[in-house]
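For reference, the structure is listed below as structure tokens.
The values are calculated or read from the model by the stated rules, or taken from the named source; none is laboratory data. All values derive from a computational prediction rather than experimental measurement. Using ideal geometry, Cβ is built from the backbone for each residue, glycine included, and neighbour counts are taken over all protein chains shown.
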Amino acid sequence: MKAFILAGEPSGDKLGGALMAGLRTLHPDITFQGIGGPEMAAQGLQSRFDMSELSIMGLAEILPKYRSLKARIHQTAQAVLDMQPDVMITIDSPDFSLRVARLVKAQSAIRTVHYVAPSVWAWRPGRAAHMAKYIDHVLALLPFEPPLMQAVGMQCDFVGHPVVADPVATDVEADAFRNQSGIGDAPFVLVLPGSRKAEVARLSGVFGDALERLLKKSPRLRVVVPAAAPVADQVIAAVAGWPGDPLVLDPRGDDHAKARKRAAFRAADVALAASGTVSLELAASATPMVIAYRVNWLTFRIVKAIALVDTVTLVNLVTDTRIIPEFLGPDCTSDAIAGGLEAVLANPEAQKSAMALTMDRLGRGGESPGLRAARAVLDAM
């Protein structure tokens, strides 16, 4: 069996690595070609080009690189056609992967699977019907997505969210982190300003100002900042002027970086995070949170105009609550964020039941999502 598999950013690479491992478990003689990062490389994939070329977010950010992206789309589609795989699996990154799928389907009968359903419940619901013209099967991360895909003729399976398979630190490990970091029993806020350069640039200033306001009322509060490796230098420079004697967790060259990050998540009293799947990592660790995000003004206005939901945080969506406070776009101000953090610190238990329910609904306690996804792919062929 031959599979062409492609991912365009780290979260997709993680999904791809687990899916490839599951496919190999169920079908040991499978071979792969495609595009991916280190997680997929660990499963034997030799990426056709550096996946980072595709890690672009936001309408205004995509436009300057449109020509090079278009060339990569055509090159990748031709590679699929040359390979003639039994299945092509695209993972998230719809601006790239679905354009590849459309070109492939226009010139072949190759089976197409897309992993991560488009968020048609949030905006642009017509995408599902358009996508059905060239995608045969969708693997969904959220339990309410399959009916939306099936309604327009695509097969769709809920395969669980990868966060439920991630290890979570114990209370013992959390206490050890506090002691080894010199925090002790002081309260601390975990700050996660994003994994992309543009995110860090837009959020680091307002996050720092919010912390300054918060620490005036809570001077014992400490600050811990887990940095993503691609933006670690940028984060270190950005937090240099922050209050709270910030401790940056730099994963580069640290063999225990993932364990330290998990322990920090578990140990934190509250988290301030950029919008994204990190909210689910925090929920898995039962860490109360505040979500804040800024994007390019044009991107925000366009998305705001067509949004179908009033929240971007998955804990709120999965539980049909609005328990996680959000400060987005023009509401992403230092005063608002500081007030949100103060409120959560005053009542940290309020979010706990919603976070636990989220993990259960996303598949905690069942078969691993990677294996479920692999089984769904093979059963449908």
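Which residues, counting only those in the stretch 170-203, are buried (at least 20 other Cβ atoms within 10 Å of the Cβ) and in a loop (DSSP other than H, G, I, E, B)?
P193, G194, S195, R196
Taking P125 as meeting all but one of (1) at pLDDT below 90; (2) more than 22 Å from K70 (Cα to Cα); (3) in a helix (DSSP H, G or I), write down the number of the exception.
(3)
Given the condition free of Cβ contacts under 8 Å to residues at least 12 places away in the same chain, out of contact with any helix residue (DSSP H, G or I) (no Cβ under 9 Å at 6 or more places or on another chain) and not β-branched (V, I, T), answer yes or no: does some residue in the stretch 275-298 qualify?
The initial filter retains those residues of the stretch 275-298 that are free of Cβ contacts under 8 Å to residues at least 12 places away in the same chain, namely 297.
Adding the requirement that they be out of contact with any helix residue (DSSP H, G or I) (no Cβ under 9 Å at 6 or more places or on another chain) leaves none.
There is no residue in the stretch 275-298 that is free of Cβ contacts under 8 Å to residues at least 12 places away in the same chain, out of contact with any helix residue (DSSP H, G or I) (no Cβ under 9 Å at 6 or more places or on another chain) and not β-branched (V, I, T).
Could you check the stretch 262-279 and list, in sequence order, the residues that are modelled with pLDDT of 95 or more and either buried (at least 21 other Cβ atoms within 10 Å of the Cβ) or in contact with a His (Cβ under 6 Å, 6 or more places away or on another chain) (or both)? Explain how you work it out, then say what you get.
First, pick out the residues of the stretch 262-279 that are modelled with pLDDT of 95 or more: 262-273.
If the condition is that a residue be modelled with pLDDT of 95 or more and either buried (at least 21 other Cβ atoms within 10 Å of the Cβ) or in contact with a His (Cβ under 6 Å, 6 or more places away or on another chain) (or both), then R262, A263, A264, F265, R266, A267, A268, V270, A271, L272, A273 are the ones that fit.
Go through the residues of the stretch 150-157 one by one and say whether even a single one is of a type in the set (D, E, K, R), in a loop (DSSP other than H, G, I, E, B) and touching a strand residue (DSSP E or B) at 6+ places or on another chain (Cβ under 9 Å).
Looking through the stretch 150-157, none of the residues is of a type in the set (D, E, K, R), in a loop (DSSP other than H, G, I, E, B) and touching a strand residue (DSSP E or B) at 6+ places or on another chain (Cβ under 9 Å).
Can you tell me which residue among L378, L362 is buried (at least 17 other Cβ atoms within 10 Å of the Cβ) and of a type outside the set (F, W, Y)?
Details: L378 fails: buried (at least 17 other Cβ atoms within 10 Å of the Cβ).
After ruling out the rest, the residue left standing is L362.
Answer yes or no: is there a residue in the stretch 225-239 that is buried (at least 17 other Cβ atoms within 10 Å of the Cβ) and at positive phi.
no
Can you name the residue in the stretch 120-136 that is crowded, with 19+ Cβ neighbours inside 10 Å and not charged (D, E, K, R) and, of all such residues, is nearest to H161 (Cα to Cα)?
Pass one, the stretch 120-136, residues crowded, with 19+ Cβ neighbours inside 10 Å: 120, 128, 131, 135-136.
Now drop any that are not not charged (D, E, K, R), which leaves 120, 128, 131, 135.
Numbers: V120: 17, A128: 20, M131: 22, I135: 21 Å.
Only one residue tops the list, namely V120.
Consider the stretch 80-105. How many of its residues are out of contact with any helix residue (DSSP H, G or I) (no Cβ under 7 Å at 6 or more places or on another chain) and farther than 19 Å from A132 by Cβ?
5
With a cut-off of at least 3 residues that are free of Cβ contacts under 8 Å to residues at least 12 places away in the same chain and either surrounded by fewer than 14 Cβ atoms within 10 Å (Cβ to Cβ) or more than 20 Å from the chain's Cα centre (by Cα) (or both), name the helices (runs of 4 or more DSSP H) lying wholly within the stretch 6-117. First the steps, then the outcome.
Details: elements: 10-26, 38-41, 59-62, 66-83, 94-107.
Ranges flagged: 66-83.
Would you confirm whether any residue within the stretch 244-255 is in contact (Cβ under 8 Å) with a residue 40 or more places away in the chain and touching a helix residue (DSSP H, G or I) at 6+ places or on another chain (Cβ under 8 Å)?
Keep residues of the stretch 244-255 that are in contact (Cβ under 8 Å) with a residue 40 or more places away in the chain, which gives 244, 246-247.
Retained after the next criterion (residues that are touching a helix residue (DSSP H, G or I) at 6+ places or on another chain (Cβ under 8 Å)): 244, 246.
Scanning the stretch 244-255 turns up at least one residue that is in contact (Cβ under 8 Å) with a residue 40 or more places away in the chain and touching a helix residue (DSSP H, G or I) at 6+ places or on another chain (Cβ under 8 Å).
Can you tell me which residues in the stretch 325-371 are among the charged types (D, E, K, R) and within 19 Å of the chain's Cα centre (by Cα)?
The first filter runs over the stretch 325-371 and keeps only residues among the charged types (D, E, K, R), leaving 326, 331, 335, 342, 349, 352, 360-361, 364, 367.
Residues satisfying the conditions are E326, D360, R361, R364.
Quick one: how many residues across the stretch 171-205 are small (G, A, S) and more than 21 Å from D269 (Cα to Cα)?
Within the stretch 171-205, the subset small (G, A, S) is 174, 176, 181-182, 184, 186, 194-195, 198, 201, 204-205.
This time we only want the ones that are more than 21 Å from D269 (Cα to Cα), so: 195, 198, 201, 205.
Final tally of qualifying residues: 4.
Any idea which residue in the stretch 137-149 is nearest to the chain's Cα centre (by Cα), counting only those that are surrounded by fewer than 20 Cβ atoms within 10 Å (Cβ to Cβ) and assigned to a loop (DSSP other than H, G, I, E, B)?
Looking only at the stretch 137-149, we keep the residues that are surrounded by fewer than 20 Cβ atoms within 10 Å (Cβ to Cβ), and these are 142-144, 146-147.
Next cut, assigned to a loop (DSSP other than H, G, I, E, B) only: 142-144.
Details: L142: 13, P143: 17, F144: 18 Å.
That would be L142.
For the stretch 118-127, enumerate the residues that are touching a helix residue (DSSP H, G or I) at 6+ places or on another chain (Cβ under 7 Å), farther than 12 Å from P94 by Cα and without any contact (Cβ under 8 Å) to a residue 60 or more places away in the chain. Lay out the reasoning, then the answer.
Keep residues of the stretch 118-127 that are touching a helix residue (DSSP H, G or I) at 6+ places or on another chain (Cβ under 7 Å), which gives 118, 120-121, 123-124.
From the residues that got through so far, the ones that are farther than 12 Å from P94 by Cα too are 120-121, 123-124.
Correct list: V120 only.
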